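J.: For reference, the structure I am asking about is given below.
Where a number appears in this text, it was derived from the coordinates with a stated rule and is not lab data. All of these numbers come straight from a predicted model, not from anything done at the bench. Don't worry about glycine lacking a Cβ; one is built from the backbone with ideal geometry, like all the others, and counts go over all protein chains shown.
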Amino acid sequence: MAGQGFVYGIAAAITCAIQLTGYAVAYSLKTETFYDILGGVNYLALALWSAVAGSIDAPLNWVDDPRKILVTILFICSRGWLLIFLAWRAHERKGDSRFDEVLGKGGGQPQPFGFFVFWMAQAFWVFLISLPMLFVNSSQVNKPGFSAFDIAFAILFCAGVLIEILADIQKALWVKRGRKGDFCTDGVWAVSRHPNYFGEIFQWWCLFAFSYSSSSNNGYADPLWWVGILSPLFTMQILLTMEPTGLCNAEGKNLKRYYDKCPERYSKYRENTSILIPMIGYKYVPMFLKRTIFFDFEKYEYKPKSDGSVKNELHAATTIGGGVITRDEVANSKPMRVKLCRSCAGYLCN
């Protein structure tokens, strides 16, 4: 345990040093260009550190322990891709609008503390996501072979990484081709509205499970192994509940552009497509399951402002009793109250 504590402590210090240095330099230059890049570099630094330090006083050197080799390779592949993709995206976008307010780019006052919070949030995310990898690489348990359990979760981890990579590439190519169709339905995006987020969450649950075999005291009694559950849980917290990123940034009020341009098509896509878990037949899933285990919460629905007039607020074609009310018909109709249909994210008039 002492050896593991040393590895964890230095890993935390490395993370703080990288993120604090990044913050200081970035704020002095008033840029966010290398925010995501330093996040990726931080991951790789922790993998290298734990691989080297974890071999100290261990029964097997890192190069002789296939479990540590595998988890380090899987982790580097996952985070290496993230580093490459985010660096490319930062170059393509020439900036990140999330930071405009805190950097005073819109003419406002720069907010050094607000910018600092972004960097500290990244420090927490990097360190917490890395916990299962740090646990395996710092473990003193000598289990050089792989069980069926290990193999299964290693394969599932790879599947999560592959889904995320495919989603990122397919979305990037769709954008390059001019955003044909207004919203992406290419490849894995046809079976999940956010397959990249699913892949990111799923892989860390798998790595947490994989790390079980490196625990002592029968695994479930090892408190440090249980600490590793913060990796998938914090990832879910970031991607499912926190603005301005993840689903809170992609759903809700930001769906307005789809309901303005292609309300019927997007409503159908939304009704038939899972918000996270790639699957077929989502429209047949009961609403109470969508609102719970499928994470399709009501807060992700688009809720237009209501001023009592449908002329300014109703942007979607509405199906009522088999008939369709079009934009033109709405423009010539009397004012109506509107509400959101929870089952299909369309609009019902009453």
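J.: Using Cα positions and a limit of under 22 Å, work out the lysines in reach of Lys290, with same-chain residues fewer than 8 apart set aside.
T.: Lys253, Lys256, Lys268, Lys299, Lys303, Lys339
J.: Still on this model: For segment 47-60, just list the computed ³J(HN,Hα) in residue order, Karplus coefficients 6.51, -1.76 and 1.60, θ = phi - 60°, integers in Hz, with x standing in for Gly and Pro.
T.: After applying 6.51 cos²θ - 1.76 cosθ + 1.60, I find 5, 5, 4, 5, 5, 6, 5, x, 7, 5, 6, 7, x, 10 Hz.
J.: With +1 on each Lys and Arg Cβ and -1 on each Asp and Glu Cβ, how big is the dipole of segment 172-253 about its Cα centre, in debye rounded to the nearest 20?
T.: 420
J.: Can I ask one more? In the Gaussian network model of the chain, springs joining C-alpha atoms below 10 Å, which of Arg177, Arg270, Arg67 carries the largest mean-square fluctuation?
T.: Result: Arg177 has the largest fluctuation of those listed.
J.: Using Cα-Cα distances under 8 Å and only pairs 6 or more residues apart, what relative contact order does the chain have, in percent?
T.: Value for the chain: 14 percent.
J.: Take the alpha-carbon positions of the chain, form their convex hull, and give its projected area averaged over all directions (one quarter of the hull surface) in nm².
T.: 20.6
J.: Further, regarding this structure: Please compute the Kirkwood hydrodynamic radius of segment 67-112 from all pairs of different C-alpha atoms, in Å with one decimal.
T.: 13.0
J.: Okay, moving on. Sort segment 164-255 into rounded, prolate or oblate with this rule: let a ≥ b ≥ c be the square roots of the eigenvalues of the Cα gyration tensor; rounded if a/c is under 1.5, and if a/c is not under 1.5, prolate when a/b is larger than b/c, oblate otherwise.
T.: prolate
J.: Near the amide H of Leu103, under 5 Å away, which other amide H atoms are found, from residues 5 or more places off or on another chain, if H is placed in the peptide plane?
T.: Sorted by chain and number, the residues that satisfy this are Gln111.
J.: Continuing with the same structure: Per q in 0.11, 0.14, 0.22 1/Å, what log10 I(q)/I(0) does a Debye calculation on the alpha-carbon atoms of segment 201-283 return?
T.: Treating every Cα as an identical point scatterer, log10 I(q)/I(0) equals -0.48, -0.66, -1.04.
J.: Name the shape class, rounded, prolate or oblate, that the alpha-carbon gyration tensor gives for segment 63-147, where a ≥ b ≥ c are the square roots of its eigenvalues, rounded holds for a/c under 1.5, and otherwise prolate holds if a/b is larger than b/c and oblate otherwise.
T.: Oblate is the answer for segment 63-147, as a/c is 1.5 or above yet b/c matches or exceeds a/b.
J.: Tell me the volume per residue, in Å³, of the convex hull enclosing the alpha carbons of segment 1-155.
T.: 109
J.: What aspartates and glutamates could a cross-link reach from Lys283, if we take a straight Cα to Cα line under 20 Å and drop same-chain neighbours fewer than 8 places away?
T.: Lys283 reaches Asp186, Glu251, Glu264, Glu271, Asp296, Glu298, Glu301.
J.: Towards the positive end of the charge dipole of segment 83-201, with charges on Cβ (+1 Lys, Arg; -1 Asp, Glu), say which of His91, Gln140, Gln111 has the farthest Cα.
T.: Farthest along the dipole direction, towards plus: His91.
J.: Also: Taking the Kirkwood radius as the inverse of the mean 1/r across Cα pairs, report the Rg/Rh of segment 1-50.
T.: Here the Rg-to-Rh quotient is 1.09.
J.: If you don't mind, another one. Pick from Val102, Val188, Val136 the residue whose mean-square fluctuation is largest in a GNM of the chain, springs joining Cα atoms under 10 Å.
T.: Val102
J.: To the nearest 10 degrees, how steep is helix 66-93 against the longest Cα principal axis of the chain, on a 0 to 90 scale?
T.: 40
J.: So, one more: Per DSSP H run of n ≥ 4, the term is -39500 (n - 2.57); total these for the chain, divide by its residue number, and report the mean residue ellipticity at 222 nm rounded to 500 deg cm²/dmol.
T.: So the calculated ellipticity at 222 nm is -18000 deg cm²/dmol.
J.: If you don't mind, there's one more thing I want to ask. Using the Cα centre of the chain as the reference point, and only Cβ charges (+1 on K/R, -1 on D/E), how large is the resulting charge dipole? Debye, rounded to the nearest 20.
T.: 1280
J.: Still on this structure, I have one more. To the nearest 10 degrees, how steeply does helix 230-241 sit against the main Cα axis of the chain, on a 0 to 90 scale?
T.: The two axes meet at around 20 degrees.
J.: Let me ask another. Given Met236, Ala45, Phe153, which one lies farthest toward the positive end of the charge dipole of the chain, if we put +1 on the Cβ of every Lys and Arg and -1 on the Cβ of every Asp and Glu?
T.: In the chain, that residue is Met236.
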